[in-house]
Structures are given as structure tokens and as C-alpha cells.
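Enquirer: Please find one structure pasted underneath; my questions will follow.
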Amino acid sequence: MKTCIIGASGYSGRELVCLLLDHPYATLERVTSRSLEGKKVEDCIPKLRGKDCALCFTNPRIEELCKDENVELFFLALPHGTAAEFAIPLLEAGKKVIDLSADFRLNSPERYEEFYGQTHPAPEWLEKASYGLPELHELSWEISPLIASPGCYPTSILVPLAILLQEKIVKKEGIVANSMSGISGAGRNATEKLLYCERNESAGPYGLPKHRHLSEIEEQLSLLQDGSSEDVVISFHPHLAPMSRGICTTISVPAQGDLDRTKVIDCWGKTFGKRPFVNLLPEGEFPDVAHVVGTNRIDLSVQADQRTGRYVLCSAEDNLIKGAGGQAIQSMNVCQGYEESAGLL
């Protein structure tokens, strides 16, 4: 598979570059960035020095990209709104696209406008796109040439929670999710709130009560409920934590019926037992960001709180890999028929 990354100057884009250069079945043909145009990739991403990478950043001129017969699949590591401007012409030119932005994650243009504050640029493509969470969705190029790769927070919540709702092990009312994210989740930009002195030894909530990712979390939880017409509504509380990368999420959810930890473990095992990137921890162990950083893995644990009648679900992932670039490559692997873990740890 011959690939191109559009917008590779940010954290997720840089991770994609590193992963694709080491992929056994994919080649990275082009890397674009307006701000880095003409510069060698290995000079801008020093960890690649010695990798014999001869690529230079080029300007992402959409007409040239559409006509490039040497590229089959485009990864878009662009801001929302901008990604659609590239995705639609590329799709119309017969290319395949995996979009890491939020532009195609939602089915509803009204919900997109509500949470992102602008009219969707290509609403006709919303229902055509595949939501690309491989553990929960069927993915293939035959279903759609456009895959919307999930956000980092939604991945940390949907993987442990969605199947339990679907199997009616937990109730859909009264769900509370608290997440802590590394600073890289805010993007690679120079703003006062992201300065070292502002973030070091400091943690706090933000984006309350309607963080943008809440839109896709609730929509996906609702869509994955068989035979239910009622929307799932949750309380989601994101926090910035003083770490570079990673997401740790704790979900408190009321039990449906008897409170029994083994029901959750059995359900997870049945669903994720053959999936390479979901790791179920033994009783008494909890997910830790330090254990998943640098991998495409998500670690899960569950506790049954008899005092409150609730399950406490915990997850940890690397927001730049399982929450972004690694998951996008995992989707590519599935669609191409490669081993799902190819090129990933």
C-alpha cells in the first residue's frame, strides 16, 4: 500500500510518519506540510535520523495529490474543517482516505454544527464514512473508501463501555466518565496555557460540560445499542494532566441486574479475546498510562462496587497511537487484509 500523510507537522502526524516508515507492507511516498515545505523529514523529526529516510516535506497542493498515481491511501492529520477540503477531492479522484480529524466521525450535520460551531462542509459524506474503531466496527474498503478514525477520548470510553451497554450488563442512565489526558492531546501549538510553567505540577478540567468529543461518544454509544431508539447521554469530564502523552479514563456506570464482575470480564473476553490490542488486566490491577505509552494497546480493568451498585471501568492508552496514528494504521491493516498488528506494538 503506497501512502501519503497530509499535515505531518503535528504530534499525530509525526507518529504516523514513524510508524509507516517501519511498516512491513506499506510505503510512505509523500509527506506534506505547508510550514515545513522543502525541509528533510529526518531533520524535522530527529528520532528518524539513521533510518535512511530520503523524504522531504512538500506543499499539499490538492490538484497534484489527486493526480498522483503513486499514492493509493491518504492519511489526513489536519484540523477539523480543513480535512474535508482535502478528503472530498481525493475521494472523487478514486483515492482511499483515513481521516484523523473530526470531520466525518458524526452522522448528523446538525450535531457537527452544534459541537464544532460551523456548518459541515460535506454533509452528504457523513453517512457514507465508516467510523474506524476496529474492535467495534466492521471495516473494509468495500463498505467505504473513507474511514473516520476516532478521537482519543472516545476510544478510551467506547472500547470498555459500548459492548456492556449492548449486552445490557450496564444501564444507560447515570454514566459518568472522567478522563485525564497528556498535554500532547491539545496539539502542537505555542499557546500560553501549554507553556511548561503553566502545565507542570498542574492538573485540571476543561471543555465542560460539552467537550467536542462528547458528540461522537454519545452518538456511537447510541448507534451500537441494538433495537433501541433512545439516545445514550453521559456525563463526560476531561482533564489535562502534567504528562506528555497518554489517556487514563475511569467510568462509573450502574449495573443492570446483579452486580457481578465476572459478567463484565466474560463479555470483554468474548468480544476482545482475539483482538491484539485490548488487554484485560487481572483483578486488583489497574491500567497505567506508563505501561501503554509507545504502543497501540488499550489496557482495561473492572471493579464491582457493591456499596453503590456500580461497575468502575478503567482504561489507559497512548493518545497519539491507539488514540490517533496507530489506530489509523490498524484500520488500514484490517481493510487491506494484513495482519491487524502489522507495524504496531
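Enquirer: Net charge within 14 Å of A290 by Cβ-Cβ distance, Lys/Arg positive one each and Asp/Glu negative one each, not counting A290 itself?
Expert: Local net charge: -3.
Enquirer: Mind checking which of L344, V302, A84 is farthest towards the positive end of the chain's charge dipole, using Cβ charges of +1 (Lys, Arg) and -1 (Asp, Glu) about the Cα centre?
Expert: So the residue furthest toward the plus end is L344.
Enquirer: Spelling out what I want: for every residue of segment 274-281, take phi, set θ = phi - 60°, compute 6.51 cos²θ - 1.76 cosθ + 1.60 (Karplus), and round to whole Hz; glycine and proline get x.
Expert: 9, 8, x, 10, 10, 10, 8, 8
Enquirer: Evaluate the charge dipole of segment 153-317 about its Cα centre and quote only its size in Debye, nearest 20, assuming +1 on the Cβ of each Lys and Arg and -1 on the Cβ of each Asp and Glu.
Expert: Its charge dipole is roughly 240 debye.
Enquirer: What's the exposure ranking of V278, V17, going from fewest to most Cβ atoms within 10 Å?
Expert: Least crowded to most crowded, the residues run V278, V17.
Enquirer: How would S35, S9, S181, S156 line up from fewest to most surrounding beta-carbon atoms within 10 angstrom?
Expert: S35, S9, S181, S156
Enquirer: Continuing with this model, one more query. Enumerate the calculated ³J(HN,Hα) couplings along segment 251-257 in order (Karplus 6.51 cos²θ - 1.76 cosθ + 1.60, θ = phi - 60°), each rounded to whole Hz, writing x wherever the residue is Gly or Pro.
Expert: Karplus values, whole Hz, x for Gly and Pro: 10, 9, 9, x, 6, 9, x.
Enquirer: Given the -39500 (n - 2.57) contribution per DSSP H run of 4+ residues, what per-residue ellipticity at 222 nm results for the chain, rounded to the nearest 500 deg cm²/dmol?
Expert: That calculation yields -8000 deg cm²/dmol at 222 nm.
Enquirer: Mind telling me which of I321, I45, I157 comes out most flexible in a GNM of the chain, alpha-carbon contacts under 10 Å?
Expert: Residue with maximal mean-square fluctuation among I321, I45, I157: I45.
Enquirer: With a point put 7 Å past each Cα toward its Cβ, work out how far N200 is from K168 in nm, to one decimal.
Expert: 5.5 nm
Enquirer: While we're on this one: For the chain, with the dipole built from +1 on Lys and Arg beta-carbon atoms and -1 on Asp and Glu ones, taken about the Cα centre, which of S331, L259, A186 lies farthest toward the positive end?
Expert: My answer, from the dipole projection, is A186.
Enquirer: I want to verify a result. In a Gaussian network model of the chain, Cα cutoff 10 Å, which of these has the top mean-square fluctuation: R14, R34, R307?
Expert: Taking springs between Cα atoms under 10 Å, the residue moving most is R307.
Enquirer: Here is a follow-up. Please list, ordered by chain and number, the residues whose modelled amide H lies under 5 Å from the amide H of I175; skip anything fewer than 5 residues away on the same chain.
Expert: S235
Enquirer: What does the charge count around A87 come to, taking other residues whose C-beta lies under 10 Å from its C-beta (Lys +1, Arg +1, Asp -1, Glu -1)?
Expert: -3
Enquirer: Shifting gears a bit: Pull up the cross-link candidates among the aspartates and glutamates for K171, meaning alpha carbon to alpha carbon under 13 Å and not fewer than 8 places away within one chain.
Expert: The qualifying aspartates and glutamates are E230, D231, D258.
Enquirer: Turning to a different aspect of this structure: Exceeding 30 Å between C-alpha atoms, which entries from my cross-link table qualify? They are K128/K193; K51/K274; K40/K322; K96/K193.
Expert: Exceeds cut-off: K128/K193; K51/K274; K96/K193.
Enquirer: Tally Lys/Arg at +1 and Asp/Glu at -1 over every other residue whose Cβ is under 11 Å from the Cβ of G323; what's the total?
Expert: -1
Enquirer: Moving on. Distance between the C-alpha centers of segment 100-136 and segment 30-60? Whole Å please.
Expert: Taking the Cα centre of segment 30-60 as reference, the centre of segment 100-136 is 30 Å away.
Enquirer: How long are the semi-axes of the ellipsoid equivalent to the chain, from square roots of 5 times the Cα gyration tensor eigenvalues, in whole Å, largest first?
Expert: Semi-axis lengths for the chain are 33, 22, 20 Å.
Enquirer: Within the P(r) computed for segment 153-317, what percentage of the Cα pairs occupies the region above 30 Å?
Expert: 17 percent
Enquirer: Ok, one more. Give me, ordered by chain and number, the residues 5 or more places off N319 or on other chains with an amide H under 5 Å from its own placed amide H.
Expert: For N319, the qualifying residues are G246, I247.
Every read-out reported here was derived from the displayed coordinates using simple, explicitly stated rules and does not represent laboratory data. Just so it is clear, the structure is predicted and the values come from calculations on it, not from any experiment. Glycine gets a Cβ as well: all are built from the backbone with ideal geometry, and neighbour counts include every protein chain shown.
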